[in-house]
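Step one of this worksheet: look at the structure below.
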Amino acid sequence: MNNPYASLVLDQTDKSTTVPVSFRLPVNINNELEELAESLDRTRSALINEFIEIGISGTNKFLEERSKNPVLETPTSDHGTNIKPKNFIANTNYSHDKSAQAMMLEEHEFAAFFDGWREYVCNLSIGDKVYLYQSGVGFIASGTVASELEKSDYKNVTDAKYSKKLEDFKTGFKAISAKQFKQITGEGTNFRMTLARMKNEQAQKLDKEIDKRMSEKSSS
């Protein structure tokens, strides 16, 4: 059965706009590229673009496998009064499962799926701030953890989905790219992990930018 949320995703992937990139190739690689272009009747730029896409896809799969089986932090009470909230970047894994990201946006939640990745959700406590990040696009939503762990079936697999609800949920603003994030906060971070910590200073600056873009959305 098709996921009912698949058509609801706000996809800001931009495949029509191009940006100039300048780099140098070793002579032998350039010669082979020329040979391929002539043999396949393709342009060099078209081949380079395809090779880069293949390389990124392969690297993403490698990083996904490397991030499997997260280290679980010491459990803390979601109702404790002295626990300082943490900030997390949560990668929606859109390239692997578009309907999963759509579900997160519709249900106002962060979710991870299947053994080895779903356990990341266990590291979130009530009050933690979560910023949903779509690879290749940027930050697309934010919210504060507001529930205990929820388990549910996914794609006919029992308890394949772990999730936690997010309140004060914000989405629909113009995505904030990795480059823009670095410009806004003054430093980068790990965008490819299923779940990664973010510094408080970065989160505060990102919140301001999200609020600014939400206002621009409302006034447009």
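The values are calculated or read from the model by the stated rules, or taken from the named source; none is laboratory data. Owing to the predicted nature of the structure, the values given are computational and were not obtained by experimental measurement. FYI the Cβ positions are ideal-geometry reconstructions off the backbone, even for glycines, and counts take in every protein chain you see. Accessible surface is based on the protein model in full, side chains and every heavy atom, while ligands, DNA and RNA are left aside. Shrake-Rupley method; radii C 1.70, N 1.55, O 1.52, S 1.80 Å.
State yes or no: is Asn190 within 17 Å of the chain's Cα centre (by Cα) and either of a type outside the set (Lys, Arg) or loosely packed, with under 13 Cβ neighbours inside 10 Å (or both)? Working first, answer last.
Numbers: within 17 Å of the chain's Cα centre (by Cα): yes; either of a type outside the set (Lys, Arg) or loosely packed, with under 13 Cβ neighbours inside 10 Å (or both): yes.
Against the criterion (within 17 Å of the chain's Cα centre (by Cα) and either of a type outside the set (Lys, Arg) or loosely packed, with under 13 Cβ neighbours inside 10 Å (or both)), Asn190 qualifies.
May I ask you to list the residues in the stretch 25-42 that are open to solvent by less than 80 Å² (accessible area, probe 1.4 Å) and not in a helix (DSSP H, G or I)?
Correct list: Leu25, Pro26.
With the structure loaded, tell me whether Lys174 is among the charged types (D, E, K, R), open to solvent by less than 40 Å² (accessible area, probe 1.4 Å) and touching a residue at least 40 places away in the same chain (Cβ under 8 Å) or whether it fails that test.
Working: among the charged types (D, E, K, R): yes; open to solvent by less than 40 Å² (accessible area, probe 1.4 Å): no; touching a residue at least 40 places away in the same chain (Cβ under 8 Å): yes.
Criteria not met by Lys174.
Just the residues that are over 21 Å from Phe110 (Cα atoms), of a type in the set (Gly, Ala, Ser) and in a helix (DSSP H, G or I), please, taken from the stretch 183-220.
Ser215, Ser218, Ser219
Can you find a residue in the stretch 68-85 that is surrounded by 12 or more Cβ atoms within 10 Å (Cβ to Cβ) and at pLDDT 90 or above?
Yes, that holds for at least one residue.
Pull up the stretch 104-132, narrow it to residues that are under 19 Å from Lys151 (Cα atoms), in contact with a helix residue (DSSP H, G or I) (Cβ under 9 Å, 6 or more places away or on another chain) and open to solvent by 20 Å² or more (accessible area, probe 1.4 Å), then point me to the one that is modelled with the lowest pLDDT.
Trp117
Can you find a residue in the stretch 145-152 that is out of contact with any Cys (no Cβ under 7 Å at 6 or more places or on another chain) and either buried (at least 20 other Cβ atoms within 10 Å of the Cβ) or within 30 Å of Ile56 (Cβ to Cβ) (or both)?
Yes, the stretch 145-152 contains at least one residue that is out of contact with any Cys (no Cβ under 7 Å at 6 or more places or on another chain) and either buried (at least 20 other Cβ atoms within 10 Å of the Cβ) or within 30 Å of Ile56 (Cβ to Cβ) (or both).
Can you pull out the strands (runs of 3 or more DSSP E) entirely within the stretch 93-182 that have at least 2 residues that are within 23 Å of Lys212 (Cβ to Cβ)? Steps first, please.
Details: elements: 109-113, 129-134, 138-145, 150-154, 157-176.
Here the list reads 129-134, 138-145, 157-176.
If you check Ala196, Ala203, which single one turns out to be surrounded by 14 or more Cβ atoms within 10 Å (Cβ to Cβ), under 18 Å from Gln101 (Cα atoms), among the small types (Gly, Ala, Ser) and in contact (Cβ under 8 Å) with a residue 60 or more places away in the chain?
Sole residue among the options that is surrounded by 14 or more Cβ atoms within 10 Å (Cβ to Cβ), under 18 Å from Gln101 (Cα atoms), among the small types (Gly, Ala, Ser) and in contact (Cβ under 8 Å) with a residue 60 or more places away in the chain: Ala196.
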